[in-house]
Structures are given as structure tokens and as C-alpha cells.
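Q: Below you will find the structure I want to go over with you.
Read-outs: derived from the displayed coordinates by stated rules, not from any lab. Since this is a predicted model, take the numbers as computed values, not measurements. Here Cβ is always computed from backbone atoms with ideal geometry, including for glycine, and neighbour counts include all displayed protein chains.
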Amino acid sequence: MLEKNLIGGNWVGGAQALEIRNPSDLSDVIATYGLAGKGEVEAAFAAARKAQPAWGRATLEQRSLVLEAIARGIFDNKDRLAQILAREGGKTVPDALGEVMRAGHIARFFAGEALRMPGEKLGSVRPNVDVEITRDPVGIVGLITPWNFPVATPMWKIAPALAFGNGVVWKPSEKTPGISVAIAEIVAASSIPAGVFNLLIGAGPDVGAAVIANADAISFTGSSTTGRRIAVACAERLIRCQMEMGGKNPLVVLDDADLELAADIAVNGAFFQQGQRCTASSRLIVTNGIHDAFVKACAERIAKLRVGHALKADTQIGPVIDDTQFRKNLGYIDIAKGENARLATGGEALELETKGYYLAPTLFADTTNAMRINREEVFGPVATVIRVADYEEALAVANDTEYGLSAGVCTTSMKHARHFQRNVEAGMTMLNLPTAGVDYHTPFGGRKASSYGPREQGRYAVEFYTQIKTSYLLA
Ligand code: NAD
């Protein structure tokens, strides 16, 4: 059993064993981890409480150098990290490498931000008084992250948390412990003082809940169901929270769109990384005039996608992450069939050379936005087409959802593109681009049930990871 919880600078074990297998080949046992329990959570917070005050007072340069070392560690180990991620998480190697590079860029970006800690000096309405507005760290931040971007998502929380002087207790998804340990090793190998950064491998309901009970703030990424529960727990403790949650992202395709480009965008946005992206284009909303040609073009492309072992060079679509997700996806395929959606392509589990969680990328046509398949997040290689009469109906259908993360439109009309950008209820909009795929230096987040709290990434991250102090000084 691997002793892979990082507490106060030491690697320690846990009582319960967790075996991880490769989703591309279930005979490949990757490792067995010792899961943290309540005692480890308490020890991690004690270590963080001891170390954070000095870290919060460290010079900006000290913190910047740590972030720079983390970025360098990620870049130097990029191929090794991509292999771990592909083996454990089922991502193709190019996808995994892309994610690892993104994490490195994020760390490098925050190495710069650490030096640019903002503040403000204002005049006072009173004579001989100065006003200074400064930012302090929040304290110990609990980071709870999912399995689908197990490198980039944690890094867009870890990097700003450290850059702005906070202590960190990170609880990654229990489905991807290997890559989490590899990232924690890189953080620990920087010049970061012991105890500032801690890793706990543990299950959500017990270790996650204990992290929430001890932290000064929680940054969470995961499903809306879990996020809602965590937001309530944070409110009870009156601690701040930042929640990035699910999506049911619309891609609108209008009659005047470039058909080939729109089909490429839809297939990329819906199926790459097995559709396991919170920004995946799961609802394709298509106007009458282009509808039939678009469905045909997509179905042809989807049928040609090469599903296979994530570590094989020619694989485009790997397996889904685990048995729970595999069954959930198949369950939604049955639900869609039961709702009389027309199966345009896919719709089945695949048996390949190695036993794994392989699904044929699946497209349903002739669906309505009222169907369960269009209301609930599947989080797998399953997308639907909804036929609409015109742009106005397309926009109304796009907005008729509890989610609001990313929304795209394929059109050559400036009028519709601008109207969509202004009126779609989403945190991120895309013009002639897939709904998934964002930059690392810009704010990331959504509206409605997709996000709650301040934005992540870019300059906006400072809002969550610092607290403001207003000081009045007699001159
Ligand atoms: P999940 O909600 O099941 O788990 C997320 C994390 O929360 C995990 O670390 C898990 O252990 C923990 N957790 C679970 N129950 C908990 C509890 N009661 N208390 C504390 N922690 C708990 O989500 P998942 O299956 O890991 O990830 C998939 C979901 O994440 C999808 O809904 C996807 O859309 C969403 N996601 C959102 C974004 C975004 O930025 N908006 C990015 C990636 C993934």
C-alpha cells in the first residue's frame, strides 16, 4: 500500500485501502493507496495552521519563486505526468499532455500574479486621514476537486491559493489518486515550507466533509448535486465558498453556418475526452434548413472516431473513467431510447482487445428539450440534436436549462452572433468554436446551477483567495 497523503511535509498512510485500475485495461492494477481518515484531516489542518502565518508574511518574491519552481517541475515532467494521467484517467496521451501543459502555464501565470498583489490608496472625506485598501490571505483553503481534469483544475486553485499566501489542504477525487500524488510531489519539491501545502486522498462524504468542517474557505469543482450540499455546509459555518459545477451546454447551429466547420466543432466539443468535460457540447440546437445535412455530417464523423486504449498512439476516444460512470452513461442511453429519441449513431458498449469502459460515441436526433436526456448532465460521450425553426427559438431553447456554463453558436451572421453573445445565459460564450476549450489566463465560470461564488482563473482569482482590509490612518 502506498503511503501517499502529504501532511506537514511528510508522506503518511491511511487505514483503508483503495485499489486503482486502468480504465483502458481492467487487468492493469495501477496501485493501492491508503485512504486518509478524520485523524489525517485534523493533522493536515494542524500542520497548515502552524505553517500558514509565516507563508502569509513571506515576501512576494519568495512566493513567486515557489510558483515558478512548481511550473518548472510540471514542464520538466510533462511526459511522465501525461502517461500517469492517461493510464489512470483514460485520457488519450495528447489530451493528457495538453492538460499537463495547461497546469504548468497556470502555475507560471500565478508566479507573476504573486508579484502583482493589488492594493489601493484613497483619499479620505475627513481631513488629514489616508485610506489604504489591502488584501490579506484568507487562511487555510480547502480544495475539493473532480477526476475529469485532475491536473489543471487543482492547479487553478492551488496556484492562486499559494500565490496569495494561503495554506492549502487539497482533497482530490478518490478516482485519480496517482496523478494527484505526482502533482503533490512536484509542489513538495519546490522550496515551499512544510505544512503550507497538504494532500489528503480520501472519499467525498467523510474526508471532504471533514475538510469543510475545518477550512477557512472552500473552492470546489464537481457536480451540482455535491456543490449544492457543500455550499449549504459552508453557509452554516459562514465561510466563503467558490463552486464550479455541472453543465448542459448548448451549441446552436444556424442555417447560415459553415456546415463542415460546424460539424467539426460539434464533434470535438461533444465527444473529445469522452464527453467528460463540464463544458461539453451536449445539446446541439440546429435550425431547420441545415438540420438534416448537419446530423448526417456529424454522424459520419462520429462513426469514424477511433475508440481505444488511452495509451495507444492512434486512439481518439479513450474509455470512460469507471464502472459507475459507464453504467450511468448506458442508463442515459436507455432513457433517451425510452423517450423515443432517434439513435443517429453509437448507443452501445464496445468490446476491444483489453477489457475496459469503452462506449461508442453516441448521437441522438429528434429530441426535444423537455426530455430527460436534455435536462440532466450525462457526462459521457453522448450528445443530442434538437431541431428548431429559427434563431429566436434556438436562443430560447439554449437558455431553457438550469445550467449556464458555456454556450456556443455557429453562424456567419454578425447580427445573430452579437445577439447570442449578449443574451445567452452562460458564463462563457463561443463563436464558431467548441463550447469546450478555454484559455488559462482568463476568468472561468458559469451562471445558474453551474457556478456559485467568485470566478476562478486569471486576475479574477484574487477575489476569492484574499480578503480585503480597509485601513484609516491619521496623517
Ligand atoms: P463529484 O461532485 O462527485 O465529486 C467532486 C469532488 O467532491 C470529489 O473530490 C469528491 O470526492 C468530493 N465529494 C463528493 N461528495 C462530497 C461531500 N459530500 N462532501 C465533500 N466532498 C464531496 O463530481 P465528479 O464526478 O468528481 O466530477 C464530475 C462533475 O464535475 C461533473 O458534474 C462536471 O460537470 C463537474 N465539473 C465542473 C467543472 C467546472 O469548472 N464547472 C470542471 C470539471 C468538472
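Q: Can you list the lysines whose alpha carbon is less than 19 Å from that of Lys121, not counting same-chain residues fewer than 8 positions off?
A: Straight-line reach from Lys121, under 19 Å: Lys469.
Q: Relative contact order (percent) for the chain, with alpha-carbon contacts under 8 angstrom and 6 or more residues of separation?
A: Contact order relative to length: 18 percent.
Q: What aspartates and glutamates sit close enough to Lys355 to cross-link, taking a C-alpha to C-alpha distance under 20 Å and skipping anything fewer than 8 places away on the same chain?
A: Partners within reach: Glu19, Asp25, Asp28, Glu88, Asp314, Asp322, Asp323.
Q: How do Arg342, Arg283, Arg63 rank when sorted from fewest to most other Cβ atoms within 10 Å of their own Cβ? Let's see the in-between values first.
A: Values: Arg342 14, Arg283 28, Arg63 24.
Arranged by neighbour count, lowest to highest, Arg342, Arg283, Arg63 become Arg342, Arg63, Arg283.
Q: At a 10 Å Cβ-Cβ cut-off, how would you order Val385, Val41, fewest neighbours first? Let's see the in-between values first.
A: Values: Val385 24, Val41 27.
The fewest-first ordering by Cβ neighbours comes to Val385, Val41.
Q: In sequence order, what are the phi-derived ³J(HN,Hα) couplings for the range 86-102 according to the Karplus relation 6.51 cos²θ - 1.76 cosθ + 1.60 with θ = phi - 60°, rounded to whole Hz, with x for glycine and proline?
A: Result, rounded to whole Hz: 5, 6, 8, x, x, 6, 5, 4, x, 4, 5, 5, x, 5, 4, 4, 4.
Q: A further question on this structure: Determine the alpha carbon to alpha carbon distance for each of Lys175/Lys448; Lys157/Lys312; Lys38/Lys91; Lys248/Lys328; Lys91/Lys304; Lys175/Lys328 and list only those over 21 Å.
A: Listed pairs above 21 Å: Lys175/Lys448; Lys157/Lys312; Lys38/Lys91.
Q: Farthest toward the dipole's positive end in the range 249-431, which of Thr367, Ala349, Ile265, given Cβ charges of +1 (Lys, Arg) and -1 (Asp, Glu) about the Cα centre?
A: With unit charges placed on the Cβ atoms, the residue in question is Ala349.
Q: Beyond 18 Å, how much of the Cα-Cα pair distribution for the range 1-126 remains, as a whole percent? Working shown, then result.
A: Details: 5556 of 7875 pairs.
So the portion of pairs separated by more than 18 Å is 71 percent.
Q: Related question: Suppose the chain between Val438 and Glu260 were pulled fully straight at 0.36 nm per residue; how much longer would it get relative to their current alpha carbon spacing? Before the final figure, lay out each step's value.
A: Details: separation 178, 0.36 × 178 = 64.08 nm, distance 2.18 nm.
Full extension of this stretch gives 61.9 nm more.
Q: Convex hull over the Cα atoms of the range 249-431, averaged projected area in nm²?
A: On the way: hull surface 38.6 nm².
The Cα convex hull of the range 249-431, projected and averaged over all directions, gives 9.7 nm².
Q: Let me ask you something else. How big is Rg to Rh over the chain, alpha-carbon atoms, Rh as the Kirkwood inverse-mean-distance radius?
A: On the way: Rg = 23.0 Å, Rh = 23.1 Å.
Ratio of gyration radius to Kirkwood radius for the chain: 1.00.
Q: Which order do Glu120, Glu185 fall in if you start with the one that has the fewest other Cβ atoms within 10 Å?
A: On the way: Glu120 11, Glu185 15.
Going from least to most buried by this count: Glu120, Glu185.
Q: Angle check, please: helix 323-338 long axis (alpha carbons) against the longest principal axis of the chain (alpha carbons), in degrees 0 to 90, nearest 10.
A: It is inclined by approximately 40 degrees.
Q: Every cysteine in the chain with no other Cys Cβ under 4.7 Å from its Cβ, please list them in numeric order.
A: For the chain, the answer is Cys278, Cys298, Cys410, because their Cβ atoms have no other cysteine Cβ under 4.7 Å.
Q: In Å and from the alpha-carbon atoms only, list the Rg and Dmax of the range 364-468.
A: 15.4, 52
Q: Between the range 44-100 and the range 351-372, how many Å separate their Cα centres?
A: 34
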